[in-house]
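These notes concern the structure reproduced below.
A short reminder: the numbers here are calculations on the coordinates, not readings from a lab. Predicted model, so just to flag it, every value in this text is computed and none were measured. When we count neighbours, we look across all protein chains shown, and the Cβ atoms used for this are built from the backbone with ideal geometry, even at glycine.
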Ligand SMILES: Nc1ncnc2c1ncn2[C@@H]1O[C@H](COP(=O)(O)OP(=O)(O)OP(=O)(O)O)[C@@H](O)[C@H]1O
Ligand SMILES: [Mg+2]
C-alpha cells in the first residue's frame with residue numbers, strides 16, 4: 001500500500017517521533033524510512049512514498065537522497081534547490097539580499113591571507129561561520145587579530161569547505177534571537193532563544209520563550225522562505241539595534257521541539273496536513 005506521507009530520516013529525534021504520533025491523530029498514513037537502510041534503484045520510480053518530508057540530519061545524505069527521489073518524480077519537502085541553497089549560508093546570503101530581505105553584512109574570502117586582509121579593513125569583532133553546518137558548530141567570534149589568525153589557520157588544514165571563509169558583522173542585539181517555523185506561507189509559531197552565550201542555539205543551552213508573530217516578522221519570513229524556494233522551514237532572525245529585524249539563516253530541516261512546547265502549537269500535525277495536501 002502506498003503512503004500519504006513518508007518521513008525520511010537518519011536519526012530519530014523528538015521531531016520525528018512527533019510526526020508518527022501526529023499521523024495517528026490525524027489519520028494520515030505515515031511511512032517512516034531510515035535513509036541509512038535505503039538503496040534506491042535510480043532507474044525505477046518508487047510509487048509507495050506519497051509526499052516525502054526530508055528530515056535527514058546529515059547534509060550530504062539529505063541533499064543526495066532528495067536529488068535521487070525528486071529526480072525520479074517523487075515530491076520531496078523541502079526540494080533539492082532548498083536543500084542546496086538554504087544548506088549553505090553564503091548561497092542563502094546572496095539570495096536574501098536579492099529578495100530584499102535584510103541580513104547581516106558579510107564578506108567571503110578564499111584564503112587565510114585574503115581573510116586577514118578583509119578583517120583588517122572591516123575591523124573586529126567579526127563572526128566566522130562554516131558555509132555548511134548547524135547547531136552553532138565551528139562558529140566563532142573573532143575578537144581580535146590574534147584570535148582570527150589562530151582560528152583561520154586551523155581551518156586551512158580542514159576539509160575544503162572550511163577554507164571558504166565566510167565572515168559576518170557581529171550584530172548588536174538583545175541576548176536572544178528568533179526562530180520562526182513556517183508551514184507554507186504561514187508562520188505557525190515563533191520563539192525567542194535567550195542565552196548568556198552569544199550563540200543562542202538551543203543545542204548550546206539557549207532557553208525558549210514564546211515570540212508574538214507580528215505582520216513585519218511574517219512578511220519577512222515569507223520572503224526569506226521564498227528566496228530559497230522552501231516550503232516547511234525555520235527562519236532565524238536577530239533584532240539588530242541599528243537595522244531592526246535581520247534574517248541570518250533559513251533551516252530546511254528545522255527542529256521544532258521547543259517551539260511546540262512553549263507555543264502549544266501542533267507543528268507536526270500542520271506539517272503532515274500540508275504534506276498530504278489537506279491545507
Ligand atoms: N552575525 C551575528 N552576530 C551576532 N550573533 C550571531 C551572528 N550570527 C549568528 N549569531 C548567533 O549565533 C547563533 C548560531 O548562528 P547560526 O544560526 O547562523 O548558526 P547555525 O549553527 O546554523 O545554527 P542552527 O542550529 O540554528 O542551525 C545564532 O542563533 C545567533 O545567536
Ligand atoms: Mg541558526
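Structure above, values below:
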{"quantity": "Checking residue 22 against (1) part of a helix (DSSP H, G or I); (2) touching a strand residue (DSSP E or B) at 6+ places or on another chain (Cβ under 7 Å), the condition it does not meet", "calculated": "(2)"}
{"quantity": "Top-ranked residue of segment 142-155 - restricted to ones that are exposed (fewer than 15 other Cβ atoms within 10 Å of the Cβ) and in contact (Cβ under 8 Å) with a residue 24 or more places away in the chain, ranked as farthest from residue 84 (Cα to Cα)", "calculated": "145"}
{"quantity": "Residue among 27, 34, 41 that alone is at positive phi and free of Cβ contacts under 8 Å to residues at least 40 places away in the same chain", "calculated": "27"}
{"quantity": "Residue within segment 217-226 that is within 17 Å of residue 134 (Cβ to Cβ) and in contact (Cβ under 8 Å) with a residue 60 or more places away in the chain present", "calculated": "yes"}
{"quantity": "Residue tally, condition in contact with a helix residue (DSSP H, G or I) (Cβ under 8 Å, 6 or more places away or on another chain) and assigned to a helix (DSSP H, G or I), over segment 113-141", "calculated": "4"}
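Residue-wise test of (1) within 13 Å of ligand 2 (Cβ to nearest atom); (2) under 14 Å from the mean Cα position of the chain (by Cα); (3) within 26 Å of residue 11 (Cα to Cα).
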position	(1), (2), (3)
182	no, yes, yes
200	yes, no, yes
204	yes, no, yes
212	no, no, no
239	no, no, no
249	yes, yes, yes
255	yes, yes, yes
